[in-house]
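Here is the structure we will look at, set down as structure tokens.
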Amino acid sequence: MLGEGILKGMAETAKNFAGSFVSGERLTTVEYPEQRIPTVENARVFPFLVYDGPDWQAGLRCVACQICEKECPPKCIYIDKSADKKPDFVGKAQFYPTRFDIDISVCMSCQICVEVCPFEAIKMDTQFELATEDRFGGLLLDREQLARSNEYYHSIHPAEAAEVDHRLAEEKVKVAAKAKAAAEAAAAKAAAAPRPNPPATATGGE
């Protein structure tokens, strides 16, 4: 029959249209912002910096290696490295960023910065309500604005954050074991070293 396919398609469309008014599964309209759809865990918007502990400056995981800055396709990350060092999460002295800015008006949310970071210091946020009247300064976020606690990271990406914590804990154990072994080897070497003979004492003459 000529036009049978068109009629079947129109019937299916009419069925879906009518069903959207009565089926709970098909009522997809959300009255935003009064109603909000829960964000899925793998959602990503713009990057943020992870820190451990209560102080973002002391606990910032970033060591200013600048890999993310170099790999960023739109070149929207700007990092200045410190002249001194501070202990990182495993107690190793590391450099830190004195400046870490991301221009989110340029960022394309590609997540390459997250993938190349060897220190689990930068992750993708799910916050998307970032509109501002200042199109320049308001969209250039500095390290304090980008800093988010590890607890926040767990709240938006629980499975991923748990995996990262487990991996970092294993690394911390390995570093501690290596340091302990080095200390024991140094102590054993010092104990095995020959001790110098004591100086001869003068004896009385005839």
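Under 9 Å by Cβ, and 6 or more places apart or on different chains, what pairs join a residue from segment 135-147 that is over 14 Å from SER105 (Cα atoms) with one that is among the basic types (Lys, Arg)?
ARG143/ARG99
Somewhere in segment 39-53, is a residue surrounded by 10 or more Cβ atoms within 10 Å (Cβ to Cβ), charged (D, E, K, R), farther than 17 Å from THR126 by Cα and touching a Phe, Trp or Tyr at 6+ places or on another chain (Cβ under 9 Å)?
Here is the first cut: in segment 39-53, the residues surrounded by 10 or more Cβ atoms within 10 Å (Cβ to Cβ) are 39, 41-53.
Now restrict to residues that are charged (D, E, K, R): 41, 44, 52.
Next cut, farther than 17 Å from THR126 by Cα only: 52.
Filter once more, keeping what is touching a Phe, Trp or Tyr at 6+ places or on another chain (Cβ under 9 Å): 52.
Yes, segment 39-53 has at least one match.
Show me the helices (runs of 4 or more DSSP H) found entirely inside segment 111-198 where at least 3 residues are under 12 Å from the mean Cα position of the chain (by Cα) and surrounded by 14 or more Cβ atoms within 10 Å (Cβ to Cβ).
Helices (runs of 4 or more DSSP H) meeting the threshold: 112-116, 150-156, 158-192.
Taking segment 77-103, which residues are assigned to a loop (DSSP other than H, G, I, E, B) and either over 16 Å from the mean Cα position of the chain (by Cα) or within 21 Å of ALA176 (Cα to Cα) (or both)? Don't jump to the end; show me each part of the working.
Filtering segment 77-103 for residues assigned to a loop (DSSP other than H, G, I, E, B) gives 82-85, 88-92, 95-96.
Matches in segment 77-103: SER82, ALA83, ASP84, LYS85, ASP88, PHE89, VAL90, GLY91, LYS92, PHE95.
Checking PRO74 against (1) assigned to a loop (DSSP other than H, G, I, E, B); (2) closer than 25 Å to THR39 by Cβ; (3) modelled with pLDDT under 95, which test does it fail?
(3)
Could you go through segment 8-26 and let me know if any residue there is touching a helix residue (DSSP H, G or I) at 6+ places or on another chain (Cβ under 9 Å), on the phi > 0 side of the Ramachandran plot and either aliphatic (A, V, I, L, M) or in a loop (DSSP other than H, G, I, E, B) (or both).
no
Report, by residue number, each residue of segment 62-114 that is touching a Cys at 6+ places or on another chain (Cβ under 7 Å) and touching a residue at least 60 places away in the same chain (Cβ under 8 Å).
If the condition is that a residue be touching a Cys at 6+ places or on another chain (Cβ under 7 Å) and touching a residue at least 60 places away in the same chain (Cβ under 8 Å), then CYS107, CYS113 are the ones that fit.
The values are calculated or read from the model by the stated rules, or taken from the named source; none is laboratory data. If you're wondering where the values come from, they're calculated on a predicted model, not measured in any experiment. A quick note on method: Cβ atoms are made from the backbone with ideal geometry, for glycine too, and the neighbour counts reach across all protein chains shown.
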